[in-house]
Amino acid sequence: MALSLVKNVTKVVIGGGALYLTYDQGIWGEGSQSTKAFTRISGQLVAKQPPYVKEVPSTEEMAENVRNGWNSGVMKVCSGVSAAPAFVGKYSEKATSSLALFIRQNLHPNVGK
């Protein structure tokens, strides 16, 4: 029972402390106070970010890269599908001539010599 009471009191204190801290920073105040608090907090976060975060591309650059990659993939697939009949014809002729040569050499061993 005492352990349960301590757990619940701890939860209330943490929640109340978070509420007090955000109120003290001006988050729950008027719009101008909230804007100032956001600017102050975001400035602190940007100053503390690791150097590699600045190298992350923007969402516009990422969208452009995805769009270009998708379009490139579609063009490659379409060109592959359009070229498939020529490749199939070429390799079917090669397979037919190889099979005919194999049959001539194995069924009639003296014909090729």
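The values are calculated or read from the model by the stated rules, or taken from the named source; none is laboratory data. Keep in mind the model is a prediction, meaning the values are calculated, not measured. In this analysis, Cβ positions are derived from the backbone assuming ideal geometry, glycine residues included, and neighbour counts consider all displayed protein chains. The accessibility values were calculated without ligands, DNA or RNA, using every heavy atom of the protein model including side chains. Shrake-Rupley method; radii C 1.70, N 1.55, O 1.52, S 1.80 Å.
In sequence order, segment 21-37 has phi-based couplings of 4, 5, 5, 5, 6, x, 5, 8, x, 5, x, 5, 5, 5, 5, 5, 5 Hz under the Karplus curve 6.51 cos²θ - 1.76 cosθ + 1.60, θ = phi - 60°, and Gly or Pro positions carry x. Per residue, the accessible area of segment 11-113 comes to 88 Å², computed with a 1.4 Å probe over protein heavy atoms only.
The C-alpha radius of gyration of segment 17-81, expressed as a fraction of 2.2 N^0.38 Å, stands at 2.01. Calculated mean residue ellipticity at 222 nm for the chain: -28500 deg cm²/dmol, from DSSP H runs with n ≥ 4 weighted as -39500 (n - 2.57), summed, divided by the residue count and rounded to 500.
Calculated on the Cα set of the chain, radius of gyration then Dmax: 36.1, 102 Å. In this rough spin-label picture, where each label sits 7 Å from Cα along the Cβ direction, the Val12-Gln25 distance is 2.5 nm.
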